[in-house]
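Enquirer: Following this message is one structure expressed as structure tokens.
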Amino acid sequence: MANRNEPLQQVKNRRDSALNALVGGVPYIRWMGIRFDRRGDELTAVMPFDEKLIGNPFLPAIHGGATAAFLEIAAIIELSWSAIWEDLESGRIVPDAAIPDTMPRLPKTIDFTVDYLRSGLPRDAYARANVVRSGRRYASVHVEAWQDNRAKLFAQATAHFLMPQG
């Protein structure tokens, strides 16, 4: 049970440090430049534009592989975040990237299907994942990505994951 008398800034710091430890433990996320904007338990993945993400310089358009990686990362982090939320809030776990044993194990991708709806423009991209089902062994996640207008998705994905055991 969360301590209701815990100062708000302490709660925010604990949540932010847990999210930073979760994201910081994956070098590819750092290389892609992806970060997460947290509001309570809601996460928005942000992939700032970088020239290295361009696949077709004549359009220019974000490479489909970069788009797929962005969506998969958003799904994995959202799924992991939702799985640890109650333990994090109760204080049962305190993830610390410097202490590997405190870090939750990430789910493993079973399958991942991307729908490319339009070209990703040379600008920042955003994604939100929704955990459709999460059980002890299996989880299903839907992800949507947009750039300037939330209503105009440029890609979406459906993914299934094997949940870590133990």
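The values are calculated or read from the model by the stated rules, or taken from the named source; none is laboratory data. In this text, all values refer to a predicted model and were calculated from it rather than measured experimentally. Methodologically, a virtual Cβ is constructed for each residue, glycine included, from the backbone with ideal geometry; neighbour enumeration extends over all protein chains shown. For accessibility, only protein heavy atoms count, side chains too; no ligands or nucleic acids. Shrake-Rupley method; radii C 1.70, N 1.55, O 1.52, S 1.80 Å.
Enquirer: What are the residues in the range 1-41 that are of a type in the set (D, E, K, R) and touching a residue at least 12 places away in the same chain (Cβ under 8 Å), if any? Working first, answer last.
Expert: Within the range 1-41, the subset of a type in the set (D, E, K, R) is 4, 6, 12, 14-16, 30, 35, 37-39, 41.
Selection gives Arg14, Arg15, Asp16, Arg35, Arg38, Asp41.
Enquirer: Next up: For the range 131-147, how many residues meet the condition of being assigned to a strand (DSSP E or B) and surrounded by 13 or more Cβ atoms within 10 Å (Cβ to Cβ)? Give the steps one after another, and end with the answer.
Expert: Residues of the range 131-147 that are assigned to a strand (DSSP E or B), as a first pass: 131-134, 138-146.
Now narrow it down to the ones that are surrounded by 13 or more Cβ atoms within 10 Å (Cβ to Cβ): 131, 134, 138-146.
Residues meeting the conditions: 11.
Enquirer: State yes or no: is Ala98 open to solvent by less than 30 Å² (accessible area, probe 1.4 Å) and either within 23 Å of Arg30 (Cα to Cα) or in contact with a helix residue (DSSP H, G or I) (Cβ under 9 Å, 6 or more places away or on another chain) (or both)? I'd like the intermediate steps shown before the answer.
Expert: Details: open to solvent by less than 30 Å² (accessible area, probe 1.4 Å): no; either within 23 Å of Arg30 (Cα to Cα) or in contact with a helix residue (DSSP H, G or I) (Cβ under 9 Å, 6 or more places away or on another chain) (or both): yes.
No.
Enquirer: Then there's this: Keeping to the range 131-149, report how many residues are at pLDDT 95 or above, within 17 Å of the chain's Cα centre (by Cα) and over 18 Å from Ile34 (Cβ atoms).
Expert: Residues meeting the conditions: 6.
Enquirer: If His160 meets every condition in (1) out of contact with any Phe, Trp or Tyr (no Cβ under 8 Å at 6 or more places or on another chain); (2) open to solvent by less than 50 Å² (accessible area, probe 1.4 Å) apart from one, which number is that one?
Expert: (1)
Enquirer: Cβ-Cβ below 6 Å, separation at least six or inter-chain, first residue in the range 74-100 and closer than 18 Å to Glu6 by Cα, second of a type in the set (D, E, K, R) and outside any helix (DSSP H, G or I): which pairs?
Expert: Trp85/Asp41
Enquirer: Out of the range 40-56, which residues are open to solvent by 50 Å² or more (accessible area, probe 1.4 Å), of a type outside the set (Asp, Glu) and modelled with pLDDT of 90 or more? Break it down into steps so the answer makes sense when it comes.
Expert: Pass one, the range 40-56, residues open to solvent by 50 Å² or more (accessible area, probe 1.4 Å): 41-42, 49-52, 56.
Among the residues that remain, those that are also of a type outside the set (Asp, Glu) are: 49, 52, 56.
Phe49, Lys52 - these are the residues of the range 40-56 that are open to solvent by 50 Å² or more (accessible area, probe 1.4 Å), of a type outside the set (Asp, Glu) and modelled with pLDDT of 90 or more.
Enquirer: Working carefully through the options Ile62, Ile93, Ile29, Ile73, find the one that is surrounded by fewer than 18 Cβ atoms within 10 Å (Cβ to Cβ) and out of contact with any Cys (no Cβ under 8 Å at 6 or more places or on another chain).
Expert: Criteria check complete, one pass: Ile93.
Enquirer: While we're looking at this one, here's another question. Sort through Ala18, Ala83 and tell me the only one that's more than 17 Å from Tyr126 (Cα to Cα) and in contact with a Leu (Cβ under 7 Å, 6 or more places away or on another chain). Let's see the steps before the verdict.
Expert: Working: Ala83 fails: in contact with a Leu (Cβ under 7 Å, 6 or more places away or on another chain).
The match here is Ala18.
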